[in-house]
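First up is the structure itself, then whatever we jot down about it.
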Amino acid sequence: MIGTADIVKYGIIAAGVFIMISSFWYHSYRKLTVNLAVVWEIFGAILIVTGIFPVLSSWAHHISRGTGLALFFMGAVCLWGGFQFSLLLSRLAMKNQELAIQVSLLIQENERIMRQIEEQTDRMREYEEKTFVRD
């Protein structure tokens, strides 16, 4: 018969696998940045190791079925919230990078336009000097 401790261990392992797969999937679709994907992968690996090795999951023998269920749901909600927050941070970082690229391009275009204006101003001065001398 499967006890509460075994259910908690399997739940921790499943959560770790799910976190690793989802972080890889979101990173592959460019919704999660590399740094956050690595952090979530490490966290998923830690959960898997915690569930696999009995030394690290011996605390699971001391909780009741209701407490294990409550811990599982609270952990799932916290992990989901943390993952959503990571996705939000990733989106903001990517948009910030895109804005920086656009600003850089605008600065380059501004410098090009300023050079053209200076060239036109120089040409106008030369023209005015030539026409002024003739008069």
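Out of (1) among the β-branched types (Val, Ile, Thr); (2) under 30 Å from Gly66 (Cα atoms); (3) crowded, with 20+ Cβ neighbours inside 10 Å, the odd one out for Ile2 is which?
(3)
Residue check: is Thr67 modelled with pLDDT of 90 or more, out of contact with any helix residue (DSSP H, G or I) (no Cβ under 7 Å at 6 or more places or on another chain) and not charged (D, E, K, R)?
In short, no.
On the given criteria, is Ile107 free of Cβ contacts under 8 Å to residues at least 12 places away in the same chain, within 33 Å of the chain's Cα centre (by Cα) and in a helix (DSSP H, G or I)?
For Ile107, the condition - free of Cβ contacts under 8 Å to residues at least 12 places away in the same chain, within 33 Å of the chain's Cα centre (by Cα) and in a helix (DSSP H, G or I) - is met.
Going by the structure shown, is Leu56 of a type in the set (A, V, I, L, M, F, W, C) and not in a helix (DSSP H, G or I)?
Yes: the conditions hold for Leu56.
Give me a count of the residues in the range 24-38 that are closer than 19 Å to Leu79 by Cα and in contact (Cβ under 8 Å) with a residue 24 or more places away in the chain.
5
The values are calculated or read from the model by the stated rules, or taken from the named source; none is laboratory data. Computed from a prediction, not measured in an experiment: that's the story for all the values here. Positions of Cβ are backbone-derived with ideal geometry, glycine not excepted, and every protein chain shown enters the neighbour counts.
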